[in-house]
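I'd like to ask you about the structure that follows.
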Amino acid sequence: MLRVLTALLVLAFAAAEARPRLVSMDFRDADLGKVAEHVSRVTGRNILLSEQVRGGKITILAPRPVTRAEAFRAFLSALELNALTVVRSGKMWKVARQADAKGMAIPTYVDPKR
C-alpha cells in the first residue's frame, strides 16, 4: 500500500512540473528597469540595461497570466515598439537602442568544413 501511495505522489509531482508555470505580465506605463527585473526573475535570463535606456517606460497589457516564454516574447515586442532590442552576449541579454545595436559586435559562426 505504501508503494502505491508513493508512486501516486511521484506521478502527481511529475504532472505538476510538466505544466508550464504562468506569470503575470500586466504593466501600464511601467519603468523599463522594473519590467526588465521582473522578466529576468521569471525567465531566469540575465538582462543588462544601460543608463541610456533605463529610464524608459513601456506598457504590456496582459490581464491573464502567460508562460515564461510568452513573457519574454512580450518583453521583446514591447522593446521593439519603443525602438529597442536585445543583443545576446554570452549568458547576458543587453537591451540597446535598435540603431546602436546595428553597430555592436555579435558572434559570427562559420562552418569549418567550407
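Checking the condition in contact with a strand residue (DSSP E or B) (Cβ under 7 Å, 6 or more places away or on another chain), part of a strand (DSSP E or B) and on the phi < 0 side of the Ramachandran plot, which residue from 78, 96, 71 passes?
Working: 78 fails: part of a strand (DSSP E or B); 71 fails: part of a strand (DSSP E or B).
Of 78, 96, 71, the one residue that is in contact with a strand residue (DSSP E or B) (Cβ under 7 Å, 6 or more places away or on another chain), part of a strand (DSSP E or B) and on the phi < 0 side of the Ramachandran plot is 96.
Among the residues of the stretch 78-104, write down those that are modelled with pLDDT under 85 and surrounded by 12 or more Cβ atoms within 10 Å (Cβ to Cβ).
Within the stretch 78-104, 100, 101 qualify.
Would you pick out the residues in the stretch 38-70 that are farther than 14 Å from residue 97 by Cα and of a type in the set (D, E, K, R)?
Residues satisfying the conditions are 41, 45, 64, 68, 70.
The values are calculated or read from the model by the stated rules, or taken from the named source; none is laboratory data. A quick note: this is a predicted structure, and the numbers were derived from the prediction, not measured. With ideal geometry, Cβ positions are generated from the backbone for all residues, glycine too; neighbour counts draw on all protein chains shown.
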